[in-house]
Amino acid sequence: MLPTLEAAELPADAIEVGRIADAWGIKGWFKVLPHSAQPEALFSSKRWFLQAPGAAAGVFRLPIREAKDHSDCIVACSEDVVDRTAAEALRGARVFVPRSSFPTAGTDEYYWVDLIGLQVVNREGIQLGTVRELLAAGPQTTLVLAAEEGGVAIERLVPFVSAFVDSVDLAGRTITVDWQPDY
């Protein structure tokens, strides 16, 4: 990794949002492959945390001067990365951003990372499981629930659409749905 970058620890609320793919141009810009199709967190945060790949693993704070969309990736620059050689040294680094620096979600909009781990219950109060992950399935997102019934691990899929989701209570860590256990 670059010796000019400040060593740091990952913030407690750090979320991995992308990976540095390569240098871009000759003036120290670099390409970032975001993990999201809507990478607003990369644009809103002016400080990224990089975890170096491989044996040189370490965490470094990288102040970001500018980040913008470019074709199928994001390109960014920092005053601490002054030329192509320095940008190439970042290749493979994982990019983390504090969750607290994400833009505020709109009404009835949620970050997937905030939904993972929430309990899902139906209108009758029956526990359906815990959100393990989310799937982008065509025009809708689907909640993947992990549950246990009779000592057997099961998986449920619930479309995350208003027709089935009554409410999301982030503070209460629950999602209420119009869904039955045998669907």
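Among residues of the stretch 102-122 that are outside the structural domain of residue 49 (by TED's automatic domain parsing) and of a type in the set (Asp, Glu), none has a Cβ under 7 angstrom from a residue that is loosely packed, with under 11 Cβ neighbours inside 10 Å and in a loop (DSSP other than H, G, I, E, B) at a sequence gap of 6+ or on a separate chain. Residues in the stretch 3-36 that are part of a loop (DSSP other than H, G, I, E, B) and within 23 Å of residue 112 (Cβ to Cβ): 10, 11, 12, 13, 35, 36.
Looking at residue 69 and the list (1) surrounded by 14 or more Cβ atoms within 10 Å (Cβ to Cβ); (2) among the acidic types (Asp, Glu); (3) over 13 Å from the mean Cα position of the chain (by Cα), which single condition is not satisfied? So residue 69 meets the others, but not (1). The conditions of being surrounded by fewer than 17 Cβ atoms within 10 Å (Cβ to Cβ) and touching a Phe, Trp or Tyr at 6+ places or on another chain (Cβ under 6 Å) are met by residue 10. May I ask you to verify whether residue 143 is aliphatic (A, V, I, L, M), crowded, with 17+ Cβ neighbours inside 10 Å and in a loop (DSSP other than H, G, I, E, B)? Answer is no for this residue. Which is modelled with pLDDT of 95 or more, in a loop (DSSP other than H, G, I, E, B) and farther than 14 Å from residue 24 by Cβ, of 109, 124? Being modelled with pLDDT of 95 or more, in a loop (DSSP other than H, G, I, E, B) and farther than 14 Å from residue 24 by Cβ holds for just one of 109, 124, which is 124.
Selection of first residues in the stretch 162-177 that are farther than 11 Å from residue 128 by Cβ and of second residues that are basic (Lys, Arg) and part of a loop (DSSP other than H, G, I, E, B), restricted to Cβ pairs under 8 Å at least 6 apart or on distinct chains, gives the following pairs, ordered by first then second residue: 166/123.
For the stretch 49-70, filtering for residues that are touching a strand residue (DSSP E or B) at 6+ places or on another chain (Cβ under 9 Å), without any contact (Cβ under 8 Å) to a residue 40 or more places away in the chain and over 18 Å from residue 17 (Cβ atoms) leaves 1. Right, residue 30: buried (at least 18 other Cβ atoms within 10 Å of the Cβ) and out of contact with any helix residue (DSSP H, G or I) (no Cβ under 9 Å at 6 or more places or on another chain) or not? The answer is no for residue 30.
The values are calculated or read from the model by the stated rules, or taken from the named source; none is laboratory data. Quantities reported herein were computed from a predicted structural model and do not represent experimental measurements. Methodologically, a virtual Cβ is constructed for each residue, glycine included, from the backbone with ideal geometry; neighbour enumeration extends over all protein chains shown.
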